[in-house]
Amino acid sequence: MPPVFRFAPSPNGYLHLGHARSALLNADLARASGGRLLLRIEDIDIARCRPAYVQAIYEDLRWLGLAWEQPVRRQSEHMTAYRDALDRLEAMGLVYPAFESRREVAHMVASRGEAWPFDPDGAPIYPGSIDAMTDSERAALIATGAPFALRLDMVAARARAGDLFWIEHDVGRVMAKPEDWGDVILARRDTPTSYHLAVVIDDALQGVTHVVRGRDLYWSTSVHRLLQALLDLPQPHYRHHDLVLDDTGHKLSKSTDATALRVLRARGVTPADIRRRVTLPVD
C-alpha cells in the first residue's frame, strides 16, 4: 500500500508561510514516495471557521501548484464519528463532565498559593477532581443547561493504556507523556469533539500513514497516541518540522497579513519564491 500524507488546515483565517511549508513538504514527500496526498478541512470550531476561508485555502494551495485527492474531508460533516468514539471512552469510564471556565480554572490554580504545573502549551493543568460531584449532581447540573467540558480521566486512561511511544522521523522511538497535559478536554456541550479526538479519528478513517506537521504539535502527539491506544486505532509515523518564525522569533499567526499567502501573491511573489522562503528545494 502506498503511504498516505495529509494537510489539514483550519479555515479560521488565511494561510500563511507556515502553512505553505507544511503543505509543500507533505506534497513533496507524497510525490517522492509514490504516495497519496489528502486535504482535510478541520472546521469543528463553528464560531471561527468561515466558508470564505475554505475557498481561500483551495485557491492558495492551487496557486502553490498542489493537487489532492477528492473528496475533501470536512470535520463538520462527520460529528457522528467523533461522538461514537467519545461514547466508547465514556463506556470505559474514562470521561467526566467538568463545569469550570478557563477563567475559573485559572482562579482555582491561583487560590492554591503554590507552584502549579502547566501543560506543554502553557496552560495550567486542570486542578479539579472527578470526585467533587456525584453522578446525580453532575446530571442535574447538565440538565439545567450549564456549560461543561468532557474531560479525559488521565490517571485512569494512562493505567489502561500502559507505556506508549511514537516513531518520529530521524529520531526513532519517542516516549509519550500524555500525563503532562492533565485531564484534557475531549468535547464541550456545544462542540461534540476537540482537536485531539477528531484528528486521531480522521487519520484512522482516512488511512493516514504519515503525519507531517509543525513542531508546535510535537507533544500533542502524546495525547494522540493515548487516544489511539484506547480506541484501538493504527499508529502513523510522525514528522514534526521546524516552524516558520516572524522577525521577533515567534510563530506566525493568521492575524499577521504580511505573511498571508494571498497578500504575498498580490505583491508579485511567486510559488518558487515561497518555496525558497520556507527553505524547500525549487523544482
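Taken together, the values in this text are just the output of simple stated rules run on the coordinates, not laboratory data. The shown structure was predicted, so the numbers you read here are calculated from the model rather than taken from an experiment. Using ideal geometry, Cβ is built from the backbone for each residue, glycine included, and neighbour counts are taken over all protein chains shown.
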Ranked list, fewest to most other Cβ atoms within 10 Å of each Cβ, for Thr221, Thr259: Thr259, Thr221
GNM flexibility winner over the chain from Glu42, Glu100, Glu137 (Cα, springs under 10 Å): Glu137
³J(HN,Hα), Karplus 6.51/-1.76/1.60, whole Hz, each residue of the stretch 164-180, x for Gly, Pro: 9, 8, 10, 9, 9, 3, 6, 10, x, 5, 10, 5, 7, 10, x, 4, 5
Fewest-first ranking of Tyr53, Tyr82, using other Cβ atoms within 10 Å as the exposure measure: Tyr53, Tyr82
Positive minus negative residues near Glu42 (Lys, Arg vs Asp, Glu; Cβ under 10 Å): 0
Within the stretch 128-283: Cβ-based charge dipole about Cα centre, in debye rounded to nearest 20 (Lys, Arg +1; Asp, Glu -1): 560
FRET efficiency for Thr256 and Thr134, using Cβ-Cβ distance with R0 set to 45 Å, rounded to 0.05: 0.40
For the stretch 30-105, Kirkwood radius (reciprocal of mean inverse C-alpha pair distance, Å): 15.9
Simple Cβ-charge dipole of the chain, Lys/Arg +1 and Asp/Glu -1, about Cα centre, in debye nearest 20: 900
Counting all C-alpha pairs of the chain, share separated by more than 23 Å (%): 58
In sequence order, calculated HN-Hα J values of the stretch 98-111 (Karplus, 6.51, -1.76, 1.60; Hz; x Gly/Pro): 10, 10, 7, 7, 4, 5, 5, 4, 4, 5, 4, 5, 5, 5
Long-range HN-HN contacts of Val269 with modeled amide H, under 5 Å: none
Cβ-based exposure ranking for Val184, Val263, Val282, Val244, in which fewest neighbours within 10 Å come first: Val282, Val263, Val244, Val184
Of Ala149, Ala272, Ala157, the one that fluctuates the most in a GNM where the chain has Cα springs shorter than 10 Å: Ala272
Given charges at Cβ of Lys, Arg, Asp, Glu: the stretch 217-283 dipole, positive-most of Pro236, Tyr218, Thr259: Thr259
Under Karplus coefficients 6.51, -1.76 and 1.60, residue-wise ³J(HN,Hα) of the stretch 226-239 in Hz, glycine/proline x: 5, 5, 4, 5, 5, 9, 6, 9, x, 9, x, 7, 10, 9
Thr193 long-range amide H proximity, modeled H, under 5 Å: Arg188
Dipole magnitude of the stretch 1-141 about its Cα centre (Cβ charges: Lys, Arg +1; Asp, Glu -1), debye to nearest 20: 640
Convex hull volume per residue in cubic angstrom - Cα atoms of the stretch 15-158: 194
